[in-house]
Structure formats: structure tokens, C-alpha cells
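Everything on this sheet refers to the single structure shown next.
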Amino acid sequence: MATSAQQNSEEEVFRAYLDAVGLHGMAGAAAAGLHASEWYALSQLALAGTLTSGQLSERTGLTTGATTRLIDRLERAGYVRRTVDPTDRRKVVVEPVTEALAGIGELVAPARRRIAQVLDRYTPEQRAVLFDYFAHAAPAFREATEEIRAGRSQTAE
């Protein structure tokens, strides 16, 4: 069983890790000339390939109006383009501009290189545990984010 001191130490290490990841995201966004919400939206688009404005609104937690303005800014900056949905021509989808993503890749290359060095310290079995954690922690953080947003919207009423 973990002692209180050990629990505090683990919490401090975890918080320092999360803070470092958040700080890196803010630095990447600033280097790309983006706000944090735009950086996150662009990441979501890069992962998904294409998203409708509504899907992007759901993933970012922004209102539809704010999402439209976000897409406008990303489009003006050359990071995304609006296209017609090939399955339903009435819908518009947003897709990242591949060439612009290459520039983003250059911005995050130092972190990717440094994290690859960290991961090289682990055995394949240990890496499997780490990536299992990542696979389960990401949805848990998204669910916690939704709880925070729901609580904020209730207090705003």
C-alpha cells in the first residue's frame, strides 16, 4: 500500500507531467500563430482527416458560432479548407491542408524526438503498459472535461 508521502510524490510527478504537456501545447500553438483552441481543433482534424463543423464543435466544446469563426481563422491561415462532403453534397466538411500539417510536424519534431528517446528506455512490455494507459486515460480525460463543462453550464444558468 502506498504511503501518504508516496501518493503526494506520485501526484506531483503526474501534475508536473500534465503541466509540461499543456505548456508544450501552448508553445506549439503560439509558434504556429494559433490559439490553444485552434491548435486542438487542428489536431482533431489531422487525426480524423475530415470533420463537419458540428463534429468539430462537439470535439472542441465550442458553440456552433464559435466553431464557425475558428474554422474561418484556420482557413485564412491556410491550415484547413472547406470541401463538399462526397456522400452528401449538402454538407460541408473541413479538412486539414496537408502542406500546412508538414509545418506543424516541424514544430512538434523536438517533442517527438525527445519523447521517442524517453520511450526507448522501456521494454516492449513496459511500452505496451504505457500505451494501454494512454488509450484509457485519453477517454477518461475527455469524460472529465465534459463533466467540467456540464458543471460550468449549470452554474451559468
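The values are calculated or read from the model by the stated rules, or taken from the named source; none is laboratory data. Small disclaimer: the values here were computed from a predicted structure and weren't measured. Cβ placement follows ideal geometry from the backbone for every residue including glycine, while neighbour counts extend to all protein chains displayed. These accessible areas exclude ligands, DNA and RNA; they are computed on the full protein's heavy atoms, side chains included. Shrake-Rupley method; radii C 1.70, N 1.55, O 1.52, S 1.80 Å.
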Query raised in the report: Can you name the condition, by its number, that Pro86 falls short on among (1) out of contact with any helix residue (DSSP H, G or I) (no Cβ under 6 Å at 6 or more places or on another chain); (2) surrounded by 17 or more Cβ atoms within 10 Å (Cβ to Cβ)?
Result: (2)
Query - Out of Arg69, Arg59, Arg73, sole residue that is open to solvent by 50 Å² or more (accessible area, probe 1.4 Å), free of Cβ contacts under 8 Å to residues at least 12 places away in the same chain and either under 15 Å from Ile104 (Cα atoms) or not acidic (Asp, Glu) (or both) - result: Arg69
Query raised in the report: Is it the case that region 31-45 has a residue that's of a type in the set (A, V, I, L, M, F, W, C) and open to solvent by 80 Å² or more (accessible area, probe 1.4 Å)?
Result: no
Query - Which numbered condition Leu119 fails, given (1) open to solvent by 40 Å² or more (accessible area, probe 1.4 Å); (2) more than 17 Å from the chain's Cα centre (by Cα) - result: (1)
Report summary line: Given the conditions (1) over 27 Å from Glu147 (Cβ atoms); (2) open to solvent by 60 Å² or more (accessible area, probe 1.4 Å), every one holds for Val129 apart from (1)
Query raised in the report: Residues in region 97-113: is at least one open to solvent by 100 Å² or more (accessible area, probe 1.4 Å), modelled with pLDDT of 95 or more, under 22 Å from Leu42 (Cα atoms) and not hydroxyl-bearing (Ser, Thr, Tyr)?
Result: yes
